[in-house]
Amino acid sequence: MYYKLLFMSTPIGSLGSGLGGGVELTISNIAKEMLRRGHEVKIVAPQGSVSSSLPIKEIPGELQIPAQNQTRTEPIFIPKNSVLANMWDYARQVQADYDLIVNFAYDWLPLYLTPFFNRPIAHLISMGSLTDVMDHIIEQVANNFPGTIGVHGQTQAATFTFADKCRCLVNGMDLSVYQFCSQPGSDLAWVGRIAPEKGLEDAVAAAKITGIPMKIFGLIQDVPYWEKICQEYPDAPIEYRGFLPTHELQQELGQCRALLITPRWIEAYPNVALEALACGVPLISYCRGGLTEIIQEGKTGFLVEPDSVQGLVEAIKRLDELDRQACRQKAETEYSLEAMGDRVEQWFQKIMRN
Ligand code: HBI
C-alpha cells in the first residue's frame, strides 16, 4: 500500500538554514526513507528551503519565533503574513490530493487546525514541554485524535502530563552517509546550534581546563552569545569549523575522540548524538533528556551531573575506557533509517486506519 504524504516543516527557518536544528535532518531522513519505500512525499517549507533530492513546495512569509525562546506562560505570537499560517492555508487547499498530513512544527496553529481538516494529521512533536499554551493544545489533540501525537523519546514524553498518549518513534539516520573511524585524532568535538540552551560555554571551559583542543561545528544562531564565550575564554583551545553539510561534518566529527553534549534543557533526542555514534565517536553528556536513553554508561559514553564542568573534565580523563566499535554497533542496531522507517510507517498506517 503506497501513500501520498504531505510533510509540513518547521516555520522557524528554511530547510537547510540550520535554524530548524535537528528537525531539519529528521524531516529529510524520514522523507528520503518514505520515498525509498515507494510512497509519494511533498515537503511544505518556508521560502529559501533547499534540498538536493526532495520535492519541496516553498511558501513565503514571516518566520515564527523559536518556542524555546518563550517563557512558560507567554501567549502564541503570529506575525503579519505568517509563513506558518500561509503553509497551512496551502495544506488546506491541497489536502484532497494526500492521504496523510505530517506536521513537524512545534507550533500551536497546526494542532489547533487539526479538526478543521478532512485529512488525518500526524504530529511529530520534536521537543519536550516548553509552554503552557503548547502543552494544552497538544493534550487536546492527543485526547481528541488518539495515536496522532508522536515523540522521539521516553524522557521527552515524560515532560508532558499526557506521556501515556504519546507514541515513541526514537529517531534514525542514513548510516551509509557516516563513515566509522576507529583511529581518531586527539580533538574533542561540540556540534549544534550555537545558542544559550545548548550550554556551549561549559564545553569550552572543559576544553580549557583539560587543555585538549575542541572543534566546534554548527550554525552561530545567537551571535552575542558566541562572542561572549570567545571573550570569556580567549585562550581556550577551540576552533570554530562552521556549519557544515552532513557529508563534511561526519568526515571531521569522525576524527574526534569524543562529542561533548551540554544541554541546558531537556533535549528530546539529539540527532548529533546519533550522528557521532554512527562515526564511532563516544558521547560525554549531561545526564538530561534523550541522552539518558541513548548513552550506554561506560561503553558508548558517560552521563555527567547536569551543568557540572568538573564532571565533564572527569569524564574526559576516562575517554580511553569507551569503545568506538560499540558506538557504531549501537547506531546500526537502533538508529538505522530502515528501523526508523518501520516505526514511522507503522505509526502512519495506524492513524490512517482509524
Ligand atoms: N520553535 N516555534 C517553533 N517551531 C518549531 O518547529 C521549532 C521551534 N524551536 C526549535 C525547533 N522547532 C527545532 O529546532 C527542534 O524541534 C529540533
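Residues in the stretch 75-128 that are among the acidic types (Asp, Glu) and touching a Leu at 6+ places or on another chain (Cβ under 9 Å) were compared, and the one that is nearest to HIS152 (Cα to Cα) is ASP107. Per the listing GLN250, GLN346, GLN310, GLN255, the residue uniquely open to solvent by less than 10 Å² (accessible area, probe 1.4 Å) and either in a helix (DSSP H, G or I) or modelled with pLDDT of 95 or more (or both) is GLN250.
With a requirement of 3 or more residues that are touching a helix residue (DSSP H, G or I) at 6+ places or on another chain (Cβ under 7 Å), the strands (runs of 3 or more DSSP E) lying completely within the stretch 1-74 that satisfy it span 4-8, 40-46.
Please determine whether any residue of the stretch 58-69 is acidic (Asp, Glu), farther than 25 Å from VAL344 by Cα and either more than 14 Å from the ligand (Cβ to nearest atom) or buried (at least 20 other Cβ atoms within 10 Å of the Cβ) (or both). Within the stretch 58-69 (the criterion being acidic (Asp, Glu), farther than 25 Å from VAL344 by Cα and either more than 14 Å from the ligand (Cβ to nearest atom) or buried (at least 20 other Cβ atoms within 10 Å of the Cβ) (or both)), the answer is no, since none of the residues qualifies. For the stretch 1-52, the set of residues classified as farther than 21 Å from ASP174 by Cβ and touching a Ser or Thr at 6+ places or on another chain (Cβ under 6 Å) consists of SER14, PRO46, GLY48, listed by residue number.
With respect to the stated conditions, PHE180 is in the same structural domain as PRO282 (by TED's automatic domain parsing), in a loop (DSSP other than H, G, I, E, B), of a type in the set (A, V, I, L, M, F, W, C) and farther than 28 Å from GLN95 by Cα. When TYR98 is tested against (1) open to solvent by 60 Å² or more (accessible area, probe 1.4 Å); (2) more than 15 Å from the ligand (Cβ to nearest atom), only condition (1) is not met. Among the numbered conditions (1) outside any loop (DSSP other than H, G, I, E, B); (2) open to solvent by 10 Å² or more (accessible area, probe 1.4 Å); (3) of a type outside the set (Phe, Trp, Tyr), the only one that ILE78 does not meet is (1).
Matching residues to (1) within 17 Å of ASP107 (Cβ to Cβ); (2) buried (at least 19 other Cβ atoms within 10 Å of the Cβ); (3) modelled with pLDDT under 95:
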{"residue": "SER126", "(1), (2), (3)": "yes, yes, no"}
{"residue": "GLN140", "(1), (2), (3)": "yes, no, no"}
{"residue": "ILE149", "(1), (2), (3)": "yes, yes, no"}
{"residue": "THR161", "(1), (2), (3)": "no, no, no"}
{"residue": "ASP164", "(1), (2), (3)": "no, no, no"}
{"residue": "GLN183", "(1), (2), (3)": "no, no, no"}
{"residue": "ASP202", "(1), (2), (3)": "no, yes, no"}
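The values are calculated or read from the model by the stated rules, or taken from the named source; none is laboratory data. Quick caveat, the model's predicted, so the values are computed rather than measured. Here Cβ is always computed from backbone atoms with ideal geometry, including for glycine, and neighbour counts include all displayed protein chains. SASA here: full protein model, heavy atoms, side chains in, ligands and nucleic acids out. Shrake-Rupley method; radii C 1.70, N 1.55, O 1.52, S 1.80 Å.
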